[in-house]
1. With respect to HIS301, is the statement that it is within 27 Å of GLY434 (Cβ to Cβ) and assigned to a helix (DSSP H, G or I) true?
2. Inspect the stretch 42-52 for any residue being modelled with pLDDT of 95 or more and among the charged types (D, E, K, R) and give the result as yes or no.
3. On the given criteria, is ASP605 farther than 18 Å from GLY569 by Cα and out of contact with any Cys (no Cβ under 9 Å at 6 or more places or on another chain)?
4. Take the residues in the stretch 622-659 that are of a type in the set (Phe, Trp, Tyr) and in contact with a strand residue (DSSP E or B) (Cβ under 6 Å, 6 or more places away or on another chain); name whichever of them is nearest to ALA62 (Cα to Cα).
5. Please tell me if ALA336 is in contact with a strand residue (DSSP E or B) (Cβ under 6 Å, 6 or more places away or on another chain) and in a helix (DSSP H, G or I).
6. Consider ALA262 carefully, then state whether it is part of a helix (DSSP H, G or I) and either under 12 Å from the mean Cα position of the chain (by Cα) or more than 19 Å from SER329 (Cα to Cα) (or both).
7. Output the number of residues of the stretch 539-550 satisfying the condition of being buried (at least 19 other Cβ atoms within 10 Å of the Cβ) and either in a loop (DSSP other than H, G, I, E, B) or under 32 Å from the mean Cα position of the chain (by Cα) (or both).
Amino acid sequence: MNKRILTSCLFLSIFWIGCCTGESPADRYNFPDVLNIRNSPDSTDDWNTFFFSDMGAWFGFALPDSPQYYGSFMGPFSMRTQKWMARDLVRLSLTDSLDKSINFHECREILINYFPGILKQQYGFEKFQVDLSLFYISRSEVLITAEISNKTKGPLVFSIQWAGTLINENCRLINLRDQVIINDETDNYFAQIVPQEESLITIDGQSYFCDEKKKTIVPALNSLRKQLVFRYSDEKNLSSQLIRNPDTLYRKNLERWNYYLAQIFSPKSKWLKQKKYRNLAVKALETLVLNWRSAAGDLQHDGLFPSSSVSYFNGFWAWDSWKHAVALSKFAPELAKDQVRAMFDYQNDKGMVADCIYMDKTENNWRNSKPPLAAWAAWKIFEQTGDQLFIREIFPKILKYHQWWAHCRDHDHNGLYEYGSTDGTVIAAKWESGMDNAVRFDHSKILKNNDNEWSLNQESVDLNAYLFAEKLFLVKLARAIDKHKLASDLAAEADRLKQNIRTAMFDETSGYFYDILLENQNFLATKGPEGWIPLLTGLATQTQASKVAAVMGDPTEFATYLPFPTVTGKSPEFSTGYWRGTVWLDQACFGIMALRRYGYQNDADRFTRFLLNRAEGLIEDDYPICENYGPLDGKAIRARNFSWSAAHILMLLWDEDFD
């Protein structure tokens, strides 16, 4: 390399160190370490650590968290086996011309950062500098580079070695054609380490050593770059192709991530004018991308896990998918389309969409479905893309799903609907609501509708409000593809359902919407987020909305330290138990959208500010976004790196409307 290239490298290093000037908010180097992925797994099953992943990969790497691992990339973690393959499978070692080992922890300057889309390490010694980077070039490949820059006026000579040790006893190392092959016997998967220089590879038990055969000479005031490719695939005969255009690959990675940033910052929102909220938007973006998984096994399209930080969220869930798709539509619309498609790949003949689907389709949960928000997702995608072909493809499936609710979840055929199950169990019917153990279901009973279809003995206000909204979204979608007669029919159905909900499910005395019992049409007077969904969907009258807004703004009801809990603070059941008082950001976001829809903008802004500022870790630099939060103290609870929380944080920061 010549001096011009070295100058460029030094400029990038200075820019890296001095980033965050704010001049170009859509530049990834303005956002270092908004999520903390520095760690070293204690064991193969260490779920207290997290990793970086991109492009739908089923594996991830992390940054070192202690000097003993400097110069290494930690992992990888396999989402297929849900185990760490290694503690540090990719470790760079340098020896100088006197055969003295270079210790990275002894250098003068150390920078270790996770920027959106790339991991970087920089080690500054007196005579030279080493820059390490790792980024994804496909869903199955990462490119690791080591750039050595000579600061002196004479040449420097190094011996270079890549090495690593497995900790997963089910993995085996094989030396094959100047590559290291890792056979993951648990899942019949294969990993591959491909050095880009001619090397001598040695296997010693669970360790490998990849020594470059030639000494590396770095000319005075110049740089040299070394490369290593890691591949992870179910193909036994992995490609041995060398990477010949790393600069182009880096540029594509940079352009893609800067595009993501530009898109999430594009809405003209007051929140995004502040650096702390832009950081939060990036954290939400990174969370969504980290949970992205490509089509694999019986998952026929790409989509997002709810979280990669816990073992049981290893599939796609229905209403999670609809929520993810709305946020994704802004910056990754093709992924948003696939997230919707993935769930409809398994739609059954009746029109039902499964609760969740997995790589092994025999594990798909057909005991229940989930609240209907698919048309909302499709419409938001269409708003961003104008893609009529996608709407023509997905519209018949969403319509069939919508009709399934009428055919299979209306026990008394009165035009108001119930959550239910296909196996006759109350627990599965509760799951169908998405609010698994909500207080309103404590005394629910199950009623048989027909073969393989049961309903709870209560008509749920949120379900009916969602179905009302879905009818209106289907109207918009039908008009977009010139189905005007169908649009007219659906609009008429929506109007009838709106009147039914307004009349039957609103209690004038308490000023709130409730589920009603089938046997006597009495209110099931437990207040939860379901009561503001009629405002979210725009079916409440202004008078009804004003009364609900008053309940939502009452500190003894829903205006807790962190608004809005999943049961009123006045309830004797109020707690931090799952859906029994915790704050879920999707329902809180729906509450804020509901207030804004009826003109309560000041309240919507105030509660948005409370949510973003008081939920533990949201505006702190490196704390993960979590599944739910404590209403009285804002403490983060349960799964970390939770996708739908991230999706709704973006919607809040965008001042996104539901309609």
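The values are calculated or read from the model by the stated rules, or taken from the named source; none is laboratory data. This one's a predicted model, so the numbers in the text were calculated from it and none came from an experiment. As a convention, Cβ positions derive from the backbone with ideal geometry for all residues, glycine included, and neighbour counts pool all protein chains shown.
1. On the way: within 27 Å of GLY434 (Cβ to Cβ): yes; assigned to a helix (DSSP H, G or I): no.
No; evaluated as a whole, the condition is false for this residue.
2. The answer is no, given that none of the residues of the stretch 42-52 is modelled with pLDDT of 95 or more and among the charged types (D, E, K, R).
3. yes
4. Of all residues in the stretch 622-659, those of a type in the set (Phe, Trp, Tyr) come to 623, 629, 642, 644, 654, 658.
In the following step, the residues that additionally are in contact with a strand residue (DSSP E or B) (Cβ under 6 Å, 6 or more places away or on another chain) were identified as 629, 642.
Working: TYR629: 26, PHE642: 18 Å.
By that ranking, first place goes to PHE642.
5. no
6. When the stated conditions are applied, ALA262 does not pass them.
7. 4
One line per residue, one yes/no per condition, for (1) closer than 18 Å to PHE513 by Cβ; (2) out of contact with any Asp or Glu (no Cβ under 6 Å at 6 or more places or on another chain); (3) β-branched (Val, Ile, Thr); (4) not in a loop (DSSP other than H, G, I, E, B):
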| residue | (1), (2), (3), (4) |
| --- | --- |
| THR560 | no, yes, yes, no |
| PHE564 | yes, yes, no, no |
| SER575 | no, yes, no, no |
| TYR578 | no, yes, no, no |
